[in-house]
Amino acid sequence: MNIAALPKDVQDYVQSLEENWKQRCSTIDSSWQERYSELEEQYKLLLIQKFCRKSEKSETEENQQLLFAEEPSSQEEAANEQIETIKTYSRKKPGRKPIPDSLPREEVVIDIPEEDKHCACGHDLVRIGEETAERLQVILPKMWVERIVRPKYACRNCEGSGDEDKHAVRIAPPSVNIIPKSIVSPGLLSFIITNKFVDHLPYYRQEGRFDRLGIQISRQNMSNWQQMAFEKIRPLLDLLKKHIQSGPVINMDETPVQVLGEANRKDTQKSYMWLVRGGPPEHPAFLYSYRETRASKHITELLEGFTGYLQTDGYEAYATALKGNDAIVHVGCMAHARRKFDEAAKVSKKESSANEALKHIRNLYRIESELRSMNLSVDEFVRMRKEKAGPVLEAFKKWLEKRVVQVPPSLGLGKAISYTLNEWPKLIRYLESPYLTPDNYVSENAIRPFVLGRKNWLFSGSPEGAESSCAMYSLIETAKHNGLNPYEYLVKVFEAAPLLEKQEEWEAILPWNIK
């Protein structure tokens, strides 16, 4: 059909239809291309997560540039370069590390026969030295039965009638035990608890270990003992919560856990383990709490009465819980932003853009590390951190605002940029306080032992078991971060708990107070 033969208005209408069609086709092609790129990135990321290393560490651009350093451009620069002082470094001595001197030594002498200690000339050989070597020996855990004997006394003459104010048969009262009328000692209970919550050994595996030693302790007994011990140490957990709220900063995180036997819930539904970390910086404390959901109301409950900074990841429930609460300042986590850029750098076709963002973040951590190593006063540290990190953050934000309109939001880099800009007011708040760091790693590191244990024991058999597990994790992690051996600390707690009544007595066995 000859369009030129048509009337002018009809030609214009046909031309507009063609342009509209081309524009729509271009839009569809662009949309499908964007969707393809998004799926391609997701596929690459899944492969990396499945088969590659998980570390987010990478070589800095500064180190890479050293490989291609240019020659000095003048004799003056060459002279300056010649007199530059080269920093020394220490090299690790090759070979295995020595066995600690604190371990007892048992000497085994391997000597030559007596007849070989005489020389052919008729003289005796003289010892001129020796060669030594050390081997580490291991024996099974030492267990023994503590047989408690309480002698009875009575008077054969009057059979008690001469001293009616006292019993005719006298015997010392039984010793108080954390699990009454059982074979459990504080040492055995601490051994079982640390095996599960430090070394991640479920009770069924411990049952097998005891069986190999010829001792019959069922997993059900161990579970019951854990629950009874938890009931005894409840006052200690209340003190941990008060101690956490006495500090300037609280760090929070949460992770899923499967709990059986919850009311009106299927056994396959997710529950959550919440972690609260805080207290004075020199004596941090950790409190694990079990909740059925991930709702913001649990955050409100756990933070009730606290005033200060709350540092978390970007989970929206934290912001929801803090709405209208002027007593708590919400601080974000730079590590989560970095993680998104790191993932984008691994799968995106615009790797250089993601690396540019990572460079800004590396500079922030470098500044933080340098200032922390300078032993500055509180005010001086805050002033210098704002002075040095402020320009880096400003340049980073300008880069984000420029790139956000250039990168499709559905791609990995676009998601990383959007996340960082949305979190930006919270990400820069760490500059305000010397007790804050750029990220929330302290809580992530504290929740990791629980995640490792979960891979072994898989689920909690009841809500009560989940609560008692929280208590044990709380005591163990708090003891570890205050420089105590968890096993030895639990022994002291289980020995003292049945005897304590007053609050000051419970305070005396907190990890930073116990002797």
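The values are calculated or read from the model by the stated rules, or taken from the named source; none is laboratory data. Predicted, not measured: the structure shown is a model, and the values here were computed from it. All Cβ positions, even for glycine, are placed from backbone atoms using ideal geometry, and neighbour counts span all protein chains on display.
For segment 346-382, enumerate the residues that are aliphatic (A, V, I, L, M) and either surrounded by 15 or more Cβ atoms within 10 Å (Cβ to Cβ) or part of a loop (DSSP other than H, G, I, E, B) (or both).
Answer for segment 346-382, where residues must be aliphatic (A, V, I, L, M) and either surrounded by 15 or more Cβ atoms within 10 Å (Cβ to Cβ) or part of a loop (DSSP other than H, G, I, E, B) (or both): Val347, Ala354, Ala357, Leu358, Ile361, Leu364, Ile367, Leu371, Met374, Leu376, Val382.
Can you tell me how many residues in segment 410-446 are in contact with a Leu (Cβ under 9 Å, 6 or more places away or on another chain), surrounded by 21 or more Cβ atoms within 10 Å (Cβ to Cβ) and under 19 Å from Gly247 (Cβ atoms)?
4
Only residues in segment 486-504 that are of a type in the set (Asp, Glu) count as the first member; pair them with residues that are crowded, with 19+ Cβ neighbours inside 10 Å, Cβ under 9 angstrom, at least 6 apart or cross-chain, and list the lot.
Glu488/Ser190; Glu488/Ala479; Glu495/Ile178; Glu495/Pro186
Go through segment 399-446 residue by residue and tally those that are assigned to a helix (DSSP H, G or I), of a type in the set (A, V, I, L, M, F, W, C) and more than 27 Å from Tyr288 (Cβ to Cβ).
Total meeting the criteria: 9.
Please work out if Ala389 is farther than 25 Å from Leu310 by Cβ and surrounded by 14 or more Cβ atoms within 10 Å (Cβ to Cβ).
For Ala389, the condition - farther than 25 Å from Leu310 by Cβ and surrounded by 14 or more Cβ atoms within 10 Å (Cβ to Cβ) - is not met.
Kindly state which helices (runs of 4 or more DSSP H) lie completely within segment 166-253 and contain at least 3 residues that are in contact with a Phe, Trp or Tyr (Cβ under 8 Å, 6 or more places away or on another chain).
186-197, 219-232, 234-245
Considering only residues that are in contact (Cβ under 8 Å) with a residue 12 or more places away in the chain and of a type outside the set (S, T, N, Q), which ones fall in segment 358-369?
Residues satisfying the conditions are Leu358, Lys359, His360, Ile361, Arg362, Leu364, Tyr365, Ile367, Glu368.
Tell me yes or no: at least one residue of segment 484-499 is outside any loop (DSSP other than H, G, I, E, B), at pLDDT 95 or above, in contact with a Gly (Cβ under 7 Å, 6 or more places away or on another chain) and not basic (Lys, Arg).
Yes; the residues of segment 484-499 include at least one that is outside any loop (DSSP other than H, G, I, E, B), at pLDDT 95 or above, in contact with a Gly (Cβ under 7 Å, 6 or more places away or on another chain) and not basic (Lys, Arg).
Hey, among the residues in segment 164-182 that are in contact with a helix residue (DSSP H, G or I) (Cβ under 9 Å, 6 or more places away or on another chain) and of a type in the set (A, V, I, L, M, F, W, C), which one's surrounded by the fewest Cβ atoms within 10 Å (Cβ to Cβ)?
The residue in question is Val176.
How many residues does segment 106-157 hold that are more than 30 Å from Ala168 (Cβ to Cβ) and either in contact (Cβ under 8 Å) with a residue 40 or more places away in the chain or not acidic (Asp, Glu) (or both)?
So the answer is 30.
How many residues does segment 276-328 hold that are hydroxyl-bearing (Ser, Thr, Tyr) and part of a loop (DSSP other than H, G, I, E, B)?
Counting residues in segment 276-328 that are hydroxyl-bearing (Ser, Thr, Tyr) and part of a loop (DSSP other than H, G, I, E, B) gives 4.
Table: residues versus (1) free of Cβ contacts under 8 Å to residues at least 60 places away in the same chain; (2) closer than 19 Å to Pro486 by Cα; (3) within 14 Å of the chain's Cα centre (by Cα).
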| residue | (1), (2), (3) |
| --- | --- |
| Arg277 | no, yes, yes |
| His283 | no, yes, no |
| Tyr288 | no, yes, yes |
| Lys297 | yes, no, no |
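Of all residues in segment 135-161, which are assigned to a loop (DSSP other than H, G, I, E, B) and surrounded by 10 or more Cβ atoms within 10 Å (Cβ to Cβ)?
Met143, Ala154, Cys155, Cys158, Glu159, Gly160
Kindly indicate whether any position in segment 331-343 is in contact with a strand residue (DSSP E or B) (Cβ under 9 Å, 6 or more places away or on another chain), in a strand (DSSP E or B) and in contact (Cβ under 8 Å) with a residue 60 or more places away in the chain.
yes
Could you say whether any residue in segment 311-334 is surrounded by 15 or more Cβ atoms within 10 Å (Cβ to Cβ), of a type in the set (S, T, N, Q) and within 23 Å of the chain's Cα centre (by Cα)?
Within segment 311-334 (the criterion being surrounded by 15 or more Cβ atoms within 10 Å (Cβ to Cβ), of a type in the set (S, T, N, Q) and within 23 Å of the chain's Cα centre (by Cα)), the answer is yes, since at least one residue qualifies.
Could you please tell me which pairs satisfy a Cβ distance under 8 Å, a separation of 6+ or placement on different chains, a first residue in segment 169-183 that is touching a residue at least 60 places away in the same chain (Cβ under 8 Å), and a second residue that is part of a loop (DSSP other than H, G, I, E, B) and among the hydrophobic types (A, V, I, L, M, F, W, C)?
Cβ pairs passing all conditions: Asn177/Val184; Ile178/Val184.
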